[in-house]
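For reference, the structure is listed below as structure tokens.
The values are calculated or read from the model by the stated rules, or taken from the named source; none is laboratory data. Given the structure is predicted, the values throughout are model-derived calculations rather than measurements. Neighbour counts run over all protein chains shown; Cβ positions are idealised from the backbone, glycine included. For accessibility, only protein heavy atoms count, side chains too; no ligands or nucleic acids. Shrake-Rupley method; radii C 1.70, N 1.55, O 1.52, S 1.80 Å.
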Amino acid sequence: MITETKSTDPKQTIFPAVNCACAENRHQSTASSADSSSGGGSTLAAYNHGRLCKGTALLRKLEINVAEAEKRTGKNTVNMQETYTVYLIEIRPAETEGGTPAAPDTLWRRYSEFELLRTYLLVTYPYIIIPPLPEKRAEFVWHKLSADNLDPDFVERRRVGLENFLLRVASHPVLSNDKIFFLFLTEHFFVYFAVLKSLSAMFRVKNPDKRFTALKQYSDELNSVISQLLRIRARVADRLYGVYKVHGNYGRVFSEWSAIEKEMGDGLQSAGHHMDTYAASIDDILEEEEHFADQLKEYLFYTDAVRSVCRKHELIQYELEMAAQDLAQKKQQKEELATGTVRIFSLKGMTSKLFGQESPEQKESRLAALEQSIQEGEETVKEKNTECQEFVRAAWDDIEHFKEQKDKDLREALISYAIMQISMCKKVWTFILVCILCMYINS
């Protein structure tokens, strides 16, 4: 089913575009979007002029930014008033003639439209680990952070996450060449496919691929580890915030004390000022920490994408095994019909014993039908086997790419976090030394 979603700007014209199909994007991922409605200005022209080759990332041709967020009010699908947030996407050619930066092409998108884009990518590229979106609702928050979706700090972190999502897709050698993704960036209308085959059905494969089984187990364990880290970090942030703010009492006490001391008054007053500054510094520290938490959350959500690829492989493997099992049953039926022996109890065998054997013409007709069915079954098994092999090859290439990216990103995030903690500890001791020196010098 093709569904058309409206732009957040009511002045923009919405019209259908139905010449987009998942099959077209699988085989023609580099197709030009010149046949669509005019839009995207200089960016669209630059894209069509330098059409991307297979394996070339869109990010080499375009600069993509989610520049700002804006709160709006409008009516939803049930005609009720609602407040929501839209995000401004800016794109411009990465290379311009004469070195003069081109004016960016812009459009507004809601978070729900980003969700539709990711759903489409999941359906079209089941063998690829699709980058996750930032959280829809605040999770792993400590008491100072608001859980309100319209909170300015949360909206800003989500804006950064949405930009990161677009950059990851635009840097992927396959996803970046998708026609619908380019339309999402350039056109005020956006056609998406609300076709998502359920992968939650219960089935068990007989011969699971050990590599995908191990990968699924790893993603479960990684999800558990990152969840624990984020929960611990939220508890530590709560306690650390309280400890720092309590130190503000030192500032008040030192200021009161300075009023009754003549010789140490200036030193105590200065020490109280530094204690107030120390207590206030926790806000910036925890705000910086929140960026590292968001990096961990991204890979927490990545684990769901990895499991989705594993479930899709299980489904393809299950369909292959069912096709092979059906073929084996048909071959057994043909053998039993040809020899006249029945290996297992069947209603057909009991009918033959009660009412006599079939005539030669009936037997030949059934054999011919079974032979035709067996040939079709063999073709089905061959197709399913090819599909499974191609899925494994394509998926494992993307999994290896994901592993390299994950190791690099998490290593950098953890090292940066450690450096930030070291810097924070140095600042703490600097405040303490300054307070002592102030009292010593002025005594």
### Task
Could you compute the FRET efficiency for Ala214 and Lys331, with r as their C-beta to C-beta distance and R0 at 41 Å, rounded to 0.05?
0.75
### Query
So if R0 is 60 Å, what FRET efficiency would His401 and Asp266 give, r being the distance between their Cβ atoms, rounded to the nearest 0.05?
0.45
### Message
Considering only C-alpha atoms, what is the centroid distance from segment 397-431 to segment 258-329, in Å?
### Response
11 Å
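Within a Cβ distance under 14 Å of Ser171, other residues only, what is the Lys/Arg minus Asp/Glu net charge?
Details: positive: Arg60, Lys61, Arg168, Lys408; negative: Glu63, Glu163, Asp178, Asp398, Glu404, Asp409.
Computed value for this residue: -2.
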#### Entry: Amide H within-cut-off set for Leu107, under 5 Å, with H built and near neighbours excluded
Ile89
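Taking a threshold of 21 Å on the Cα-Cα distance, which of the pairs Lys61/Lys408; Lys312/Lys382; Lys71/Lys136; Lys216/Lys312; Lys331/Lys382; Lys245/Lys427 fall above it?
Numbers: Lys61/Lys408 24 Å; Lys312/Lys382 19 Å; Lys71/Lys136 15 Å; Lys216/Lys312 12 Å; Lys331/Lys382 16 Å; Lys245/Lys427 16 Å.
Flagged as over cut-off: Lys61/Lys408.
If you rank Met322, Met80 by how much accessible surface each has, with a 1.4 Å probe, what is the order from largest down? Please list the in-between numbers first.
Numbers: Met322 65, Met80 115 Å².
If we order Met322, Met80 from most to least accessible, we get Met80, Met322.
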#### Entry: Residue order for Asp266, Asp238 - accessible surface, 1.4 angstrom probe, largest first
Asp266, Asp238
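With contacts defined as alpha carbon pairs under 8 Å and 6 or more residues apart, what's the relative contact order of segment 227-299 in percent?
Details: 52 pairs, mean separation 26.3, N = 73.
After rounding, I find 36 percent.
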### Summary
A correct Karplus calculation of ³J(HN,Hα) over segment 232-240, with 6.51 cos²θ - 1.76 cosθ + 1.60, θ = phi - 60°, whole Hz and x for Gly and Pro, returns 5, 4, 5, 5, 5, 4, 4, 5, 5
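May I ask you to rank Cys425, Cys310 by accessible area, largest first, using a 1.4 Å probe over the protein chains only? Write out the running numbers ahead of the final one.
On the way: Cys425 70, Cys310 0 Å².
Order by accessible area, largest first: Cys425, Cys310.
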#### Entry: Under-5 Å amide H pairs with Glu68, H placed in peptide plane, nonlocal only
Leu88
### Task
Using θ = phi - 60° and the Karplus relation 6.51 cos²θ - 1.76 cosθ + 1.60, list the HN-Hα couplings for segment 79-94 in order, rounded to whole Hz, with x at every Gly or Pro.
6, 10, 5, 9, 10, 9, 10, 10, 10, 8, 9, 10, 9, 8, x, 6
### Query
Between Glu63 and residues 5 or more places away or on another chain, which pairs have amide H atoms under 5 Å apart, with H built 1.01 Å from N, and which residues are they?
Arg92, Ala94
### Residues His291 and Glu82, FRET efficiency given R0 of 30 Å [Cβ-Cβ distance, rounded to 0.05]
0.55
### Query
Which ³J(HN,Hα) values in Hz, rounded to whole numbers, follow from the phi angles of segment 284-298 under the Karplus curve 6.51 cos²θ - 1.76 cosθ + 1.60, where θ = phi - 60° and Gly and Pro get x?
5, 4, 6, 5, 5, 4, 4, 5, 5, 4, 5, 5, 5, 4, 4
